[in-house]
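The structure appears below as structure tokens.
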Amino acid sequence: MRFLVLGGTGLVGQAVAAEARVRGHDALAAARRGTALALDATDSDALRLAVRTHRPEIVFNCINFGSIEACAARPEDAHRVNAGINGVLAEACEEMGAALVAIGTDHYFTGDGDAKHGEEAAVALVNDYAKSKHAGERLALAYARSLVVRTNVTGFRGWADGQTFIEWALAGLRAGRPMTLFDDYYCSTLDAGSLAAAAIDLVERGARGVFNVACRDVASKQRFVMAFAERLSAQTRALATGSVRSLPVRRAESTGLDVGKAEKALGRALPSFDQAVDTLARLAKDA
Ligand SMILES: NC(=O)c1ccc[n+]([C@@H]2O[C@H](COP(=O)([O-])OP(=O)(O)OC[C@H]3O[C@@H](n4cnc5c(N)ncnc54)[C@H](OP(=O)(O)O)[C@@H]3O)[C@@H](O)[C@H]2O)c1
């Protein structure tokens, strides 16, 4: 099948394109630079033309608008990227009969610690990142063949100018650098390769609507890094405990996801916390 992977140089986009190719699909990666197809997806005409020209059977939207702080500083731009692109893609994919997979977020839940949240749980939109991503979900879902994948993901992206969470943790652990780890910020973090494999499995099975695709357990950021450090036999003396509430822009901090719906559709379990950390520790050896 022909895949168009938007955000193809990003953490998730790289993993989706690689997984699609391993399965024998033809994956065309697009981003503003560094890909076979150079495309600013906020240019709606160029985006429509790309879908019409390349005639993908599956479009993955793995585009991301910077950080939570960047979304707070430039909410209109965040909305244009995180929401508007899905609106154009929903129309273009419908016109061409392609399936649309929009990578979403877990950044919707607050105040209940390490609870797991299903796809129907009420959302709290506490910042502009959450508002723009949620608007993007709604726009994607206007098209009946859309799959919105809510997730929390990390992995090795290899950019010179910006680290993922696990790249930051690995660099800090290797250097023995002091790092503050939040013990009150809960997620179901999955490695990008496992996310890509599960998302492609779901779209190949014809899944539509919202699906949580994450690790099947919930852990604090602190527990995640401590487990990662243990796998690497890294010293943890320089690590301190902190609170997500110290950050300038408010976070949704209870972002655990219930993955039962995805596991049922996939017919298999998604990785556990230990499996996700094992995978990242294995990849860290080559990073
Ligand atoms: N990583 C996380 O912690 C996390 C957690 C939960 C959910 N997610 C979701 O996962 C998805 C992917 O995130 P990620 O972390 O993989 O992103 P990322 O590593 O930051 O990569 C973003 C990608 O989007 C491209 N891009 C940005 N603006 C673009 C534009 N206007 N036109 C075309 N391409 C553009 C970037 O390339 P150029 O800048 O060169 O164009 C890059 O390829 C997002 O939906 C995000 O919300 C991520």
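Rounded to the nearest 0.05, what FRET efficiency do residue 69 and residue 205 have when you use their Cβ-Cβ distance and R0 = 35 Å? Working shown, then result.
Numbers: r = 37 Å, r/R0 = 1.06.
With a Förster radius of 35 Å, E is 0.40.
Just to confirm my numbers, what's the Cα centroid distance between segment 65-87 and segment 205-280 in Å?
Cα centres, segment 65-87 to segment 205-280: 24 Å.
What is the sum of charges, Lys and Arg at +1 and Asp and Glu at -1, for the other residues whose Cβ falls under 10 Å from the Cβ of residue 241?
Details: positive: none; negative: 183, 184.
My count for the surroundings of residue 241 gives -2.
Quick one: accessible area per residue over segment 145-287, 1.4 Å probe, rounded to a whole number of Å²?
Working: 6230 Å² over 143 residues.
It amounts to 44 Å² per residue over segment 145-287.
Please report the carbon-and-sulfur percent of the accessible area for the chain; probe 1.4 Å, protein heavy atoms only, DNA, RNA and ligands left out. Show your work: numbers first, answer last.
Working: 5960 of 12440 Å².
Answer for the chain: carbon and sulfur cover 48 percent of the accessible area.
Using alpha carbons only, what's the Rg to Rh ratio of the chain with Rh from Kirkwood?
The Rg/Rh ratio comes out at 0.95.
For segment 140-184, which chymotrypsin sites (Phe, Trp or Tyr not before Pro) are both in a DSSP coil and crowded by at most 14 other Cβ atoms within 10 Å? Walk me through the intermediate numbers first.
Details: sites: 143, 156, 159, 165, 168, 182; in loops: 143, 156, 159.
Passing both the DSSP loop test and the Cβ count: 159.
On C-alpha positions alone, give me the angle between the axis of helix 221-231 and the longest principal axis of the chain, in degrees, nearest 10.
Orientation of helix 221-231: about 80 degrees from the principal axis.
Sticking with the crude label model, points 7 Å out along Cα→Cβ, report the distance from residue 96 to residue 76 in nm, one decimal please.
Here the answer is 3.0 nm between the modelled labels.
Rounded if a/c is under 1.5, else prolate if a/b is larger than b/c, else oblate: which is segment 171-287, with a ≥ b ≥ c the root eigenvalues of its Cα gyration tensor? Can you show the working numbers first?
On the way: a/c = 2.73, a/b = 1.59, b/c = 1.72.
It is oblate, given that a/c is not under 1.5 and a/b is not larger than b/c.
Please identify the chymotrypsin sites (Phe, Trp or Tyr not before Pro) of segment 218-283 that satisfy two criteria: DSSP loop assignment and at most 16 other Cβ atoms within 10 Å. Which are they?
Working: sites: 224, 228, 273; in loops: none.
Here no loop site has a sparse enough neighbourhood.
Taking the dipole about the Cα centre of the chain, with the C-beta of Lys and Arg at +1 and of Asp and Glu at -1, give me whichever of 109, 186, 240 is farthest to the positive side.
240
Once you've got the GNM for the chain with C-alpha springs shorter than 10 Å, pick whichever of 122, 30, 276 has the biggest mean-square fluctuation.
With Cα springs under 10 Å in the chain, the top fluctuation among 122, 30, 276 is at 122.
Need one number: convex hull volume per residue for segment 1-78, Cα atoms only, in Å³.
Values: hull volume 6.6 nm³, N = 78.
Normalising the Cα hull of segment 1-78 by residue number yields 85 Å³.
If you keep only loop residues by DSSP, which GluC sites (Glu not before Pro) in segment 99-189 have at most 10 other Cβ atoms within 10 Å of their Cβ?
Details: sites: 119, 120, 137, 167; in loops: 119, 120.
Loop-located and lightly packed - 120.
Springs between alpha-carbon atoms under 10 Å, Gaussian network over the chain: tell me which of 82, 152, 64 tops the mean-square fluctuations.
Looking only at 82, 152, 64, the biggest GNM fluctuation is shown by 64.
Nothing charged except the Cβ atoms of Lys and Arg (+1) and of Asp and Glu (-1): what's the magnitude of the dipole of segment 30-89 about its Cα centre? Round to the nearest 20 debye. Before the final figure, lay out the partial values.
Working: 7 positive and 7 negative charges, 39 e Å.
The calculated dipole for segment 30-89 is roughly 180 debye.
At R0 = 41 Å, how high is the FRET efficiency between residue 168 and residue 145 if r is their beta carbon distance? Nearest 0.05 is fine.
On the way: r = 37 Å, r/R0 = 0.89.
My answer for the efficiency is 0.65.
Mind checking which of 80, 23, 150 has the largest fluctuation in a GNM of the chain, springs on alpha carbons under 10 Å?
It is 23.
The values are calculated or read from the model by the stated rules, or taken from the named source; none is laboratory data. Note that this is a predicted model, so its numbers are computed, not measured. We place every Cβ from the backbone using ideal geometry, glycine too, and count neighbours over all the protein chains shown. Heavy atoms of the whole protein, side chains included, go into the accessibility calculation; ligands, DNA and RNA do not. Shrake-Rupley method; radii C 1.70, N 1.55, O 1.52, S 1.80 Å.
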